[in-house]
Amino acid sequence: MTETKSEWNSRSAFILAMIGSAVGLGNIWRFPNVLYSNGGGSFMIPYIVSIFLLGISFVLVEYAVGFRFKRSLARILFTISKKLEPVAWFVLFVVFLITTYYVCVVGWDLIYVVLSFTKGWGANPDLYFANNVLHATDSVSGIFTIVPNVLVSIFIIWFIAWFINKRELNNGIGKVSQILLPLLCIMVVAIVGFSLTLPGASIGYTQILTPDWSALGNAEVWLAAFGQIVFSLSLGMAIAMTYASYLPKGSRLVDNAVIVAFSNSGFEVFNSIGIFSILGFMTLTSGIPFNELVTEGSGLAFVVFPQVFNTMGPASYIIGPLFFLCILFAGITSVIALLEGVCYSISEKFLISREKTATAVCIVGFCISIIFATGLGSTILGVFDSYLNNFALLLGILLECVIFGWIYKFDNLIETLNENSNIKVGRLWKIVIKYILPICIFFLWIQGVYNDLNFQDPLSITIRVILTVALIIFPIIFTKLPAKNKHYYDV
Ligand code: TRP
């Protein structure tokens, strides 16, 4: 087999795929909580600063590197310096492991899409989620009991991801993004529009409009804004780099990065108006204080929202399915993006076709995801999530910052970006990437490591040890395995 390089056939395919990769669970269920807990309206200041300082700046690095090299992350780092290849496999392995549990969360959501048509969660959504969906147990023996409905939904999501990723770029990821994202937008507009008509909506959305200026003096608020942007834009996960490497000559990189970053943030801010309004309605009808409702993660989507739909009347039979479909669509476009970078590096090094790589990666991924379909699944998922995001991924991003800012000849990237873009970058960007960004990421990482230490029980420690060993061994193996692609080692 010879190397064939995929290329986007339209600018919109690229931009929508990029927005699809960024808009995910983080935008829908993480952002409202981050916004609420960090000062409401005044949070917009650190948030907007983060979009420019961190978000757009780092996306630009990824675009410039991907576009200049037109190679996969592993090969790019090898080209920069032979010794750096393990860093690439480390990042890719972290991304792959993140995908294994992200698929499970999207799988839970799939179950809720089905339940929402009949409000199948009954009168006690919290008990339903723990007992009927997760079959969660605290005992370690729970790892030996499989939860069939979760297993089936995880399988379906892996199957969908496989089906999209194995296809030619434009027919797979390109086409799916062009269909799902417009649908997602329409659904979110419908939900937000409806939510604003609910009694009590203003209790919710005024929270966004009421700033707490004192929060601005708090370093944690700034870190929360940085963290949200890193998470929500999927920075450092080799996604933007991979997608940009498929761009044809003459693409306007800086302009595209600005569009993607603003669409992603626009989506989460707009969406949170809907979430807050719906929670405001719940406060009015149930008397539960607003601050008790603004949780995040699965608690918000699979417990609080079903409770809201229970009190909502007939409209909930439409809004409920729309809400869970939004999460499903946003999740699927992120899963395929997470997988693409991983598959590209493998297929480029070992000269395996796109289809075969996707098949192998999805099969292995599904096998790992089975752990999350056990009675102990949600507990293990929590540890994976905390360790991989707080510790491993941020470490990877920090390394990428140092590599591209300090080891690689940075001025090359400025030249690549400015060649075709209307908006130009210059010295300021260089200062940001070389100094400000690594410092911010470093503090985020320290905070992340500190948060991760909350999990101190024997099970969490065991999982972390296993993950750490795997994160050392696999990158070494993948680096040492000889490339089948004879051009791989051409620098
Ligand atoms: N940005 C996407 C989201 O908001 C995907 C993503 C980024 C992600 N980082 C992640 C998913 C970490 C899971 C874990 O969901």
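We did not get these values from a lab; they are worked out from the coordinates using the rules stated. Source: prediction; values computed, not measured. Heads up, the Cβs are rebuilt from the backbone with ideal geometry, glycines too, and the neighbour counts pull from every protein chain shown.
What's the extension gain from Leu196 to Ile146 if we count 0.36 nm per residue and subtract their Cα-Cα distance?
Values: separation 50, 0.36 × 50 = 18.00 nm, distance 4.15 nm.
Result: 13.8 nm gained on full extension.
Would you mind computing Rg(Cα) / (2.2 N^0.38 Å) for the chain, counting N as its residues?
Relative to the rule-of-thumb radius for its length, the chain sits at 0.94.
What ranking of Leu115, Leu398, Leu481, Leu279 emerges when the number of other C-beta atoms within 10 Å of each C-beta is taken as an exposure proxy, fewest first? Present the calculation step by step, with values, prior to reporting the outcome.
On the way: Leu115 21, Leu398 18, Leu481 11, Leu279 30.
If I rank by nearby Cβ atoms, fewest first, I get Leu481, Leu398, Leu115, Leu279.
Assuming R0 = 45 Å, can you tell me the calculated FRET efficiency for the pair Ile436 and Glu292, based on Cβ-Cβ distance, to the nearest 0.05?
Details: r = 37 Å, r/R0 = 0.83.
With a Förster radius of 45 Å, E is 0.75.
Just to be sure I understand the model, the point goes 7 Å from the Cα along the line to the Cβ. What's the resulting Ala483 to Asp138 distance in nm?
Inter-label distance under the simple model: 5.2 nm.
Only Lys, Arg, Asp and Glu count, each charged at its Cβ (+1, +1, -1, -1), so figure out the dipole size of region 11-480 about its Cα centre, rounded to 20 debye. Don't skip to the end; give the middle numbers.
Working: 24 positive and 22 negative charges, 328 e Å.
It comes to approximately 1580 debye.
Excluding the sites themselves, what is the longest stretch of the chain that contains no chymotrypsin sites (Phe, Trp or Tyr not before Pro) in a DSSP loop with at most 13 other C-beta atoms within 10 Å?
Details: sites that count: Phe117, Tyr489.
Counting only loop sites that pass the neighbour cut-off, the longest clear stretch is 118-488.
Sorting Glu296, Glu340 on the 10 Å Cβ count, fewest up front, what's the list? If you can, show how the numbers build up before the last one.
Values: Glu296 18, Glu340 27.
So the residues, fewest neighbours to most, are Glu296, Glu340.
Got a sec to turn the phi values of region 185-195 into Karplus ³J(HN,Hα) couplings, 6.51 cos²θ - 1.76 cosθ + 1.60 with θ = phi - 60°, whole Hz, x for Gly and Pro?
Those phi angles translate into 4, 4, 5, 5, 4, 4, 5, 5, x, 5, 4 Hz.
Quickly estimate the mean residue ellipticity at 222 nm for the chain, helices only: each DSSP H run with n ≥ 4 gives -39500 (n - 2.57), and the total goes over all residues, rounded to 500. Walk me through the numbers before you get to the answer.
Working: 22 runs with 320 residues, N = 491.
Result for the chain: -21000 deg cm²/dmol, rounded to the nearest 500.
If you line up the long axis of helix 85-116 against the longest principal axis of the chain, both from Cα atoms, how many degrees apart are they, to the nearest 10?
30 degrees
Work out how much length Arg11 to Glu415 would gain on full extension: take 0.36 nm times their residue separation and subtract the Cα-Cα distance, in nm to one decimal.
143.3 nm
Quick one: what are the phi-derived ³J(HN,Hα) couplings along region 397-410, Karplus 6.51/-1.76/1.60 with θ = phi - 60°, whole Hz, x for glycine and proline?
So the J values, rounded to whole Hz, are 5, 4, 4, 4, 4, 5, 4, 6, x, 10, 7, 7, 6, 5.
Rounded to whole Å, give me the distance from the Cα center of region 281-297 to that of region 85-134.
So the two Cα centres are separated by 23 Å.
With the cut-off at 26 Å, tell me which of the pairs Lys175/Lys430; Lys356/Lys409; Lys70/Lys434; Lys82/Lys409; Lys356/Lys484; Lys83/Lys409 have Cα atoms farther apart than that. Mind showing how you got there, number by number?
Details: Lys175/Lys430 35 Å; Lys356/Lys409 35 Å; Lys70/Lys434 23 Å; Lys82/Lys409 16 Å; Lys356/Lys484 15 Å; Lys83/Lys409 16 Å.
Beyond 26 Å: Lys175/Lys430; Lys356/Lys409.
For Thr374, enumerate residues with amide H under 5 Å from its amide H, sequence gap 5+ or separate chain, H modeled in the peptide plane.
Residues meeting the amide H criterion: Val147.
Using the Cα centre as the reference, give the magnitude of the dipole from point charges on the C-beta atoms of region 336-491 (Lys, Arg: +1; Asp, Glu: -1; all else neutral), rounded to the nearest 20 debye. Mind dumping the intermediate values first?
On the way: 12 positive and 11 negative charges, 76 e Å.
It comes to approximately 360 debye.
Whole number please: convex hull volume per residue of the Cα set in region 11-87, in Å³?
Numbers: hull volume 10.6 nm³, N = 77.
Enclosed volume per residue, from the Cα hull, is 138 Å³.
At 7 Å along the Cα-to-beta-carbon direction for both Ile48 and Ile466, put a label point, then send me their distance in nm to one decimal.
4.7 nm
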